Amino acid sequence: MKSFIYVLIAVALIAAGCKKGKVKPDDNKPPVDEIAELNKKITGKWLYPTLQSKVVDNTGTVLVPNFYIGHASAFEFDGNNTFKEHASVQITNTSTYLIHKKNGLNYLDFGPGNSFRIQTLNDTTLELTDTVPANGIPNAKQIYYYKHTKMKTADTAANFRVWVKSDSINSIFTYITNAVRPDAPLSIHKIVDYKFGLAGQSPFYYVYNHAILPGDRVTLSMDCLQPKTFCYIYYKGVVIYDFRFTQNGLWKIVSNPIPPN
C-alpha cells in the first residue's frame, strides 16, 4: 500500500513538472519596464519624414526597385499612447498608438490593421517598415520604409527646408510667391536660392532662414530627369503638400499655401 502511494506521488510530481515545463511567457506582452523604456524613447516630435517603397516576390527578387512617395507623415508622441499625425502642414490627426512585441521584435500599432515594425528607435532616428500584399501583382509584397528625425531646437527656427535626391539635376531655382495673400502684390516675393550642377546619388538639404508667412507658397523649378529625381518641401519639419508639373522643359514643384499658425 505504501509503495502504491509512493508511485502516485511520483506520478503527480512528474505531471506537475510537465505542466510547469509547458508554461510559456506570452511573447506579445513584454515586461512593463521594456514598454516604458520604448515609450520614453519615442516621446517627442519626429520630423523630416521620408517614405520609400519597393515590390518583391516570394523569393525576395525585386520586381519594382525602391522609389520615393511624396506624402510622408511626421509624428508627435506623448509617451502615453496618444499621438498626432502631421500628414502635412495643413492636416493633423490625433489618435492612439500601442507598442507591442512579437517574436522578439518591436511593433508600433496605429489602430487595427496598421502595425509597423520598429527597425530603429534611438535619440535621433525612428525607422519603421510595413509589408503588405502588392496591389495587382500575385505572389508579391510591397515593403514601405519610413524614416524620421527627432526634433531639435534648431528645427523650429528654420522656416523651410528642401530635401532633394537626384543623379540628373542641372539646375534648380527655389523661390517664394506671396500672390495668394490678400495684401500681397501679384509677383514673385523672393528668389531664395539657385543651385547648379548638383547631380549626385546622395540626398542633400537646402535650409533657408527666409521668413514664410501664411499664404506663401514655396516653388522649386528643376532642370532634371523626372524619374531620377525626388524632393520634399518641409515647413517646421513637416511636409507641405505640393503639386508637380512640367513647364517649358522644367519640372516644377509648387507647395500648397502655408496655413495660419
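Some values worked out for this structure:
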| item | result |
| --- | --- |
| Residue pairs, from the table Lys40/Lys236; Lys41/Lys252; Lys40/Lys195; Lys41/Lys165; Lys152/Lys195; Lys84/Lys195, whose Cα atoms sit over 32 Å apart | Lys41/Lys252; Lys40/Lys195; Lys84/Lys195 |
| Kirkwood-Stokes translational diffusion coefficient of the stretch 34-91, alpha-carbon pairs, 37 °C, 0.692 mPa s, µm²/s | 239 µm²/s |
| Along each principal axis, Cα extent of the stretch 56-138, largest first, Å | 39, 35, 27 |
| Derived scalar couplings ³J(HN,Hα) [the stretch 242-247; Karplus, 6.51 cos²θ - 1.76 cosθ + 1.60; whole Hz; x for Gly, Pro] | 9, 10, 10, 7, 9, 9 |
| Note, ³J(HN,Hα) from phi for the stretch 130-143, Karplus 6.51, -1.76, 1.60, rounded to Hz, x at Gly and Pro | 9, 10, 9, x, 6, 5, x, 10, x, 6, 9, 9, 10, 10 |
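Each reported figure results from applying straightforward, stated rules to the coordinates on display, with no laboratory input. These numbers were taken from a predicted model, which means no experiment stands behind them.
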